[in-house]
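S.K.: Sharing a structure with you now.
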Amino acid sequence: THRYILNLSPDTTFTTHITGTKSGKHYLPFWESWVEKSKTNEHAKKIINTYLHRPQEELYDLGKDPLEMNNLANDPRNLELIVTLKKQLADWCKSQNDTIPLGLLPENKIK
């Protein structure tokens, strides 16, 4: 019903094939047009900024927001759900022998 995303490097600019190279089959010229438009259009600027700069935590209600446009992670009403999903993520990482230090992040200490 929900998607929880924990970004372990929220200070790093997010890049993908969309923001990537101009060579090869993965070149997507629309990105440059969006960036150009963001210089004069506040809505475009917000979209570019949201794409490039991801918060540490993201939570989306997939039933109400299937395109994941409204991040609910900072809403205190979702704290219990976030704690539950963090625990599930930590358990899954442990079951996969994943060495990502989820417990080392102060905001993500799971009891």
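S.K.: Which ones in the range 38-93 are open to solvent by 100 Å² or more (accessible area, probe 1.4 Å), within 21 Å of Phe14 (Cβ to Cβ) and of a type outside the set (D, E, K, R)?
M.R.: Matches in the range 38-93: His43, Leu67, Met69, Asn74.
S.K.: Oh, and also: Restricted to the range 32-46, and to residues that are over 28 Å from Glu57 (Cα atoms) and polar (S, T, N, Q), which residue is modelled with the highest pLDDT?
M.R.: Thr40
S.K.: Separate question: Among the residues of the range 10-31 satisfying the criterion of being over 20 Å from Glu68 (Cα atoms) and modelled with pLDDT of 85 or more, which is surrounded by the most Cβ atoms within 10 Å (Cβ to Cβ)?
M.R.: Thr12
S.K.: I've got another one for you. Cβ contacts < 6 Å: first residue among the hydrophobic types (A, V, I, L, M, F, W, C), restricted to the range 57-71; second residue surrounded by 10 or more Cβ atoms within 10 Å (Cβ to Cβ) and in a loop (DSSP other than H, G, I, E, B), any location; separation 6+ or different chain. Result?
M.R.: Every condition considered, the pairs that remain are Leu59/Leu72; Leu59/Ala73.
S.K.: Between residues in the range 84-98 that are within 14 Å of Glu57 (Cα to Cα) and residues that are outside any helix (DSSP H, G or I) and at pLDDT 85 or above, which pairs lie under 6 Å by C-beta distance while being six or more apart or on different chains?
M.R.: Leu85/Tyr4
S.K.: Can you tell me which residue in the range 58-111 is modelled with the lowest pLDDT, limited to those that are among the small types (Gly, Ala, Ser) and assigned to a helix (DSSP H, G or I)?
M.R.: So, considering only residues that are among the small types (Gly, Ala, Ser) and assigned to a helix (DSSP H, G or I), the one modelled with the lowest pLDDT is Gly103.
The values are calculated or read from the model by the stated rules, or taken from the named source; none is laboratory data. Predicted model only: the values in this text are computed from it and were never measured. Because the Cβ atoms are built from the backbone with ideal geometry, glycine has one as well, and the counts that use them run over all protein chains shown. Remember, those area values only see protein heavy atoms, side chains included, never the ligands or the DNA or RNA. Shrake-Rupley method; radii C 1.70, N 1.55, O 1.52, S 1.80 Å.
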